[in-house]
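Take a look at the following structure, please.
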Amino acid sequence: MSIPRASWLNPLVTALGAALLVTACSSGPALTPDVTPGPPSTLTPLIGAALTEPVPVPSTDGRTHLAYELQLTNTLSGAVTLQSLTVASGDRRLLTLAGDNLKYWTRALGNTAVATNVLGPGQSALVWLDVALDSGAEVPTDLTHSVHLSVAKPRPGLIANDVTQNVAPVQVSTRTPVSISPPLDGPNWLDGDSCCAMTAHRMAVNPINGTLIASERFAVDYVQLTNDFRLFTGNPTRLESYPYYNATIHAVGDGKVVSVRDDLPDQVPGKSPTGLPLDQYAGNHIVQDLGHGNFALYAHLKPGSITVKPGDKLTAKQTIATLGNSGNSDAPHLHFHVIDGPDPLAANGLPFVIDSFRLVQRIASMTALEKLFTGQPAPLQPSFASRDAKGVGPLVLDVMDYSVGQ
């Protein structure tokens, strides 16, 4: 959308003049005298909205996270540069991203590989947000967003060169994250790709059925590390080099099986498959209805290992399949997520909490995580204190023991 031209403004003035003339000649009731006019209208370079209402989730770092995305669109005929973005609730400033930090969390639609804070004419971008509240802090009921930006083609009297505007107010959801039991047994299960860093899962916002969907917002890729914190031993292109391949997978709660797929082969580890149709991305999988609008996806399962069928009523901790490498997978793992509908990709990602486990370690950083794929042990966070955890959601880089309470 370009800045209004004079030819757009003239008809509006003419129409208003005619309306006033008719009102003056009318014998109808007078305008209500106590109506208070709102703030004056202003042209705004950006329009936008949150993709969804954020759902608060207590997490293993002791904080409550509100993870969501803003879609912003530049309405002008020239570029705009995002300088800072502040998330607030009333007078409380909850998060500010500025400069390179804002750029890191922003991607133009169609080019999510490149961080940017410059939006070209008519261009849209997503900003990934993680409002992390300290333990005991009040969870807000609504959020507002103030964006400071510079305009390449200002219009005197209409659009300034330097603009601060509000955009995309959103309510905070009152939904409670579903509580589940772990889907796996044993020690050293790594959350290799989930909230709330800029992970592949968080960035997987896809145009599905005409709208943007973030089904993998809180998805976890589970791999089990050895006692010396390696991912595999031996040839990385062989399934048997991954000791946790064929691990038993359990239902995370009570509920009916909605759908099952079990006809796809395991992929060769070490490389990403190409040419898959969308309906094969989850590989062999199970979708389970956990109730209250929560659906669990268990994906990339070993071919022939699924022991349940649509319509079966599952109970928590029931064995349902084994871990494989089918679908869009480059190493054996369990992809697990919770969504608000039965379609693995065409539903919104929801947070969840795990009822009981032990948090034994954290990988030192996202960069350190890459060492696992070279066969090296992953560097660990120094002086990490192992502890029991109850009723919290996992975070990327967590290493968890699911033997507790099983």
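Every residue in the range 224-246 that is under 16 Å from residue 400 (Cβ atoms) and open to solvent by less than 20 Å² (accessible area, probe 1.4 Å), please. Explain how you work it out, then say what you get.
In the first step, residues of the range 224-246 are kept if they are under 16 Å from residue 400 (Cβ atoms); the result is 224-227, 229, 231, 244.
If the condition is that a residue be under 16 Å from residue 400 (Cβ atoms) and open to solvent by less than 20 Å² (accessible area, probe 1.4 Å), then 225, 231, 244 are the ones that fit.
I've got another one for you. Only one of 125, 132, 197 is within 20 Å of residue 349 (Cα to Cα), touching a residue at least 40 places away in the same chain (Cβ under 8 Å) and not in a strand (DSSP E or B). Can you tell me which? Walk me through it before giving the result.
Working: 125 fails: not in a strand (DSSP E or B); 132 fails: not in a strand (DSSP E or B).
None of the others qualify; the one that does is 197.
May I pose another question? Does the range 265-318 hold any residues that are under 26 Å from residue 241 (Cβ atoms), buried (at least 19 other Cβ atoms within 10 Å of the Cβ) and more than 24 Å from the chain's Cα centre (by Cα), and which are they?
266, 267, 269, 302, 306
Here is a follow-up. Conditions first: (1) over 28 Å from residue 359 (Cα atoms); (2) assigned to a strand (DSSP E or B). Residue 95 passes all but one, so which condition is the exception?
The single condition residue 95 does not satisfy is (1).
Moving on to the next point. Among the listed residues 86, 60, 81, which satisfies the condition of being hydroxyl-bearing (Ser, Thr, Tyr), in contact with a His (Cβ under 9 Å, 6 or more places away or on another chain) and modelled with pLDDT of 95 or more?
On the way: 60 fails: in contact with a His (Cβ under 9 Å, 6 or more places away or on another chain); 81 fails: in contact with a His (Cβ under 9 Å, 6 or more places away or on another chain).
The unique qualifying residue is 86.
To continue, here is another question. Could you run through the range 347-378 and say how many residues are touching a helix residue (DSSP H, G or I) at 6+ places or on another chain (Cβ under 6 Å) and either under 21 Å from residue 403 (Cα atoms) or open to solvent by 50 Å² or more (accessible area, probe 1.4 Å) (or both)? Step through it out loud before you land on a result.
Of all residues in the range 347-378, those touching a helix residue (DSSP H, G or I) at 6+ places or on another chain (Cβ under 6 Å) come to 363, 378.
Narrowing the set further to residues that are either under 21 Å from residue 403 (Cα atoms) or open to solvent by 50 Å² or more (accessible area, probe 1.4 Å) (or both) leaves 363.
Adding up the residues that qualify gives 1.
Inside the range 148-178, can you point out the residues that are open to solvent by 70 Å² or more (accessible area, probe 1.4 Å), more than 18 Å from residue 67 (Cα to Cα) and not in a loop (DSSP other than H, G, I, E, B)?
Across the range 148-178, the qualifying residues are 155, 162, 164, 166.
Report yes if residue 403 is more than 25 Å from the chain's Cα centre (by Cα) and either touching a residue at least 40 places away in the same chain (Cβ under 8 Å) or open to solvent by less than 10 Å² (accessible area, probe 1.4 Å) (or both), otherwise no.
Details: more than 25 Å from the chain's Cα centre (by Cα): yes; either touching a residue at least 40 places away in the same chain (Cβ under 8 Å) or open to solvent by less than 10 Å² (accessible area, probe 1.4 Å) (or both): yes.
Criteria met by residue 403.
Then there's this: Does residue 212 satisfy the condition of being surrounded by fewer than 18 Cβ atoms within 10 Å (Cβ to Cβ), touching a Leu at 6+ places or on another chain (Cβ under 7 Å) and either in contact (Cβ under 8 Å) with a residue 24 or more places away in the chain or part of a helix (DSSP H, G or I) (or both)?
yes
More than 21 Å from residue 275 (Cα to Cα), open to solvent by 10 Å² or more (accessible area, probe 1.4 Å) and of a type in the set (Asp, Glu): is that true of residue 330 in this structure?
no
The values are calculated or read from the model by the stated rules, or taken from the named source; none is laboratory data. Note that this is a predicted model, so its numbers are computed, not measured. A quick note on method: Cβ atoms are made from the backbone with ideal geometry, for glycine too, and the neighbour counts reach across all protein chains shown. To get the accessible areas, we keep the full protein, side chains included, count just its heavy atoms, and leave off ligands, DNA and RNA. Shrake-Rupley method; radii C 1.70, N 1.55, O 1.52, S 1.80 Å.
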